[in-house]
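Heads up, the thing below is written out as structure tokens.
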Amino acid sequence: MMLNVAALDSFYGPAQILHGVSLEIGRGEVVALIGRNGAGKSTTFRSIMGLVAGRLGAITLEGVAIIGLPTHEIARRGIGYVPEDRRVFTDLTVEENLEVGRQPARGGLKPWTPERLYDLFPNLGAMPRRHGGRMSGGEQQMLTIARTLMGNPAIVLLDEPSEGLAPKIVEDMARAILALKREGLSILLSEQNLHFARLIADRAYVIESGSIRYSGTMTELAADHAVQTEYLAL
């Protein structure tokens, strides 16, 4: 396994948000963590990255424990994190945003360069000198992912990558994620959009009220209308 999370409990102060969350992502696999708003998806990602102080359980990256490490060290070990709020540097150009994310190449994966990322995201290649603050939401999402890839991670956590995007941009995002999978990158994404998850994910976990309620292949989840009605219907 590339990433393994076992019996993870997470707390914000006295309030327990995650209850025994367990999941795993293999090398080159795309796994979706699916649930409604407030189900615990973002807290799971923040807990993996060490951004939640109150945590119990085990988290390993390629078999090495990381749960006690600070966030910057977790990132250096090879986990890239794309938060849902698209934190681009608005005063920097596309080129400059990418340079901010640059880290040394990691063994086993071809290193990312701006040129390769422009091939992956042609929209960015058409505007290398545009400032982040003058980009659309979809372009900012692409830039945030591209900047994370400049860190040459072994696995990427994508928090709600399709949220608020136009259908055409969602299709472009799906194509980009599938291209990353072909590169051998492991991806864990959180989603509410079951259709988007079906386009790209191999397996899925369904989370509700901070607990994993279902796990299976994406095909199995797509056919299980009872689970969809109970945990995913609005």
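Readers should treat all values here as calculations from the given coordinates under stated rules, not as data from a laboratory. From a predicted model like this one, the values you see are computed outputs, not experimental measurements. Glycine gets a Cβ as well: all are built from the backbone with ideal geometry, and neighbour counts include every protein chain shown.
Basic side chains Lys and Arg get +1 at the Cβ, acidic Asp and Glu get -1 at the Cβ, and with that the dipole of the range 107-234 about its Cα centre reaches some 580 debye. Which of ILE17, SER136, SER211 sits farthest toward the positive end of the charge dipole of the chain, with +1 on the Cβ of Lys and Arg and -1 on the Cβ of Asp and Glu? Highest projection toward the positive end goes to SER136. Rounded to the nearest whole Hz, the Karplus-based 3J(HN,Hα) values (6.51 cos²θ - 1.76 cosθ + 1.60, θ = phi - 60°) of the range 38-51 follow the sequence x, 6, x, 5, 5, 5, 4, 5, 5, 5, 4, 7, x, 8, with x at glycine and proline. Legend: ranking of residues VAL30, VAL64 from fewest to most surrounding C-beta atoms inside 10 Å; resulting order VAL64, VAL30. With contacts taken as Cα pairs under 8 Å and at least 6 residues apart, the range 3-232 reaches a relative contact order of 29 percent. Taking MET49, MET127, MET218 in turn, the Gaussian network model of the chain (Cα-Cα springs below 10 Å) assigns the largest fluctuation to MET127.
With contributions of -39500 (n - 2.57) from each DSSP H run of at least four residues, the per-residue ellipticity at 222 nm computed over the chain stands at -9000 deg cm²/dmol. Here's the picture: charge each Lys and Arg Cβ at +1 and each Asp and Glu Cβ at -1 in the chain, and of PRO114, ASN4, VAL30 the one pushed furthest to the positive end of that dipole is PRO114.
Beta-bridge orientation, the chain: approximately 55 percent antiparallel, per DSSP, counting only bridges with both partners inside. Each Lys and Arg contributes +1 and each Asp and Glu -1, all at the Cβ; summed about the Cα centre of the chain, the dipole is approximately 400 debye.
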